[in-house]
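Presented below is the structure to which this report refers.
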Amino acid sequence: MPLFDQLYNFARWLTRNTEDAEDLVQETYVKALKGFSSFQLGTNFRAWIYRILRNTFLTSRTGLRVTMTVPLDPEQDALELAVENETPETILMDRSNSQLVLSAIDDLPVQYRETLLLCEVEEMSYQEIAETLCIPVGTVMSRLSRARRTLRAHLGRKLQGEEAVMEVAKGTNHGL
Amino acid sequence: MVCESGNAKLDMYLDGELPEAEMRTFDAHVRSCHSCSADALTRLQMKRTIQVAGRRFTPRAEFRRRVQQDIAHKPQRSLGLGWMFAVAAGVILVVGALMSTYMGTRSDRGQVFSEIADLHVATLASASPVDVISADRHTVKPWFQGKIPFAFNLPELQNSEFSLLGGRMTYLDQTPGAHLIYDVRKHHISVFVFQEQSLRTKLDDNSLSPKKAPFNMETWSQGGLRYFVIGDASAPDIDSLAKLFKAAS
């Protein structure tokens with residue numbers, strides 16, 4: 001099946017759980033095969049099938065829940081990260097950088113997360129992303145920029161927090 | 001800190017999205033600007049980290065099988081009545097042994113249909129669906145010489161609605177074969193030809209096309225070759241093209 005692994009990975013990032021991701025991929029393939037006559041030979045198949053997956057996600061229960069929490073005009077608003085509820089202890093448990101990156105990606109609002117993943121993981125061009133998400137190329141660029149900036153800020157804060165906790169931990173050890 | 005001139009373009013540069021001339025100019029700038037090159041390296045590391053972290057999830061093998069089966073033939077809805085399940089279970093127990101051989105064959109057939117459908121979809125999705133581009137059968141047929149271990153005839157299409165777009169080599173059951181693509185009223189139809197004896201799955205003529213499949217398909221064996229005609233065109237169109245091939249062989 002074409003793009004099966006990639007579509008599943010993308011679906012899993014969108015839905016954030018295995019069961020919904022599997023339902024989403026299965027429904028995507030069924031819809032793609034039913035509507036294959038609408039696919040124009042010579043156009044971008046990858047963008048077409050990712051678009052089906054994303055549209056299916058947006059109309060799913062999980063997708064509706066996610067989009068209902070998205071600002072009405074997110075391109076105009078400065079992105080503010082959600083307040084972190086993590087304690088120094090939970091950050092200490094989350095030691096490796098890759099885990100930090102995973103959680104930072106996961107914390108991104110869905111419209112930034114999907115744009116970033118299509119660019120970095122699926123290695124789509126800006127034009128392909130625009131076709132997949134049905135948005136102008138300029139919006140792709142601004143979403144990418146915001147996603148990266150947010151990710152850097154998020155990681156910077158977490159790593160700084162870790163360092164501070166490490167210092168505290170060292171001080172505590174010296175005191176013992 | 002990134003210099004003012006480089007800041008805005010750095011992400012586009014690393015994404016390979018700058019126009020070619022601008023890319024060359026900016027590349028020269030990054031190589032000579034210390035702050036830009038340092039920031040480019042940091043951003044590149046971040047890109048690679050996201051790339052690795054982003055490929056985190058892989059589908060379960062069982063899920064993959066389920067979707068393949070679903071595509072091959074959509075499962076029938078159950079009636080949801082307990083007593084019917086009980087009766088069905090009894091029937092299954094009685095005839096289970098007799099059915100096992102048949103089901104195995106049917107599963108193989110479903111698998112073959114699924115693979116043929118995959119080949120058809122993946123080829124049409126490709127930027128270059130055919131390796132020999134020609135509407136002339138006398139160009140397309142000789143192209144396969146030396147590439148596949150058999151020869152076959154292509155039908156004359158005059159006075160028909162079909163047109164030949166071209167062909168390519170393909171594989172099924174690790175066996176090389178020919179894949180031809182035809183056009184009829186903007187629908188694309190694939191014709192696959194393989195050596196019958198090389199296919200591991202033994203098939204009966206016209207036994208493959210599941211009733212609820214999204215594609216129409218016809219298959220038959222002729223002259224030691226196994227033919228598959230598949231596409232989203234109507235069943236009469238698929239049948240017409242199959243008849244042309246049968247007449248030519």
Pairwise centroid distance, computed over Cα atoms, of the stretch B:110-140 with the stretch B:1-63, Å: 37 Å
Peptides A:21-29, B:181-189, B:134-142 ordered by average Cβ neighbours within 10 Å, highest first: A:21-29, B:181-189, B:134-142
Simple spin-label estimate for B:I133 and B:T42 in nanometres, 7 Å along Cα-Cβ: 4.7 nm
For B:229-242, mean number of other protein chain Cβ atoms within 10 Å: 1
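Only the coordinates and a few stated rules stand behind these numbers; no lab work does. Computed from a predicted structure; not experimentally measured. Cβ atoms come from the backbone with ideal geometry, glycine included; neighbour counts cover every protein chain shown.
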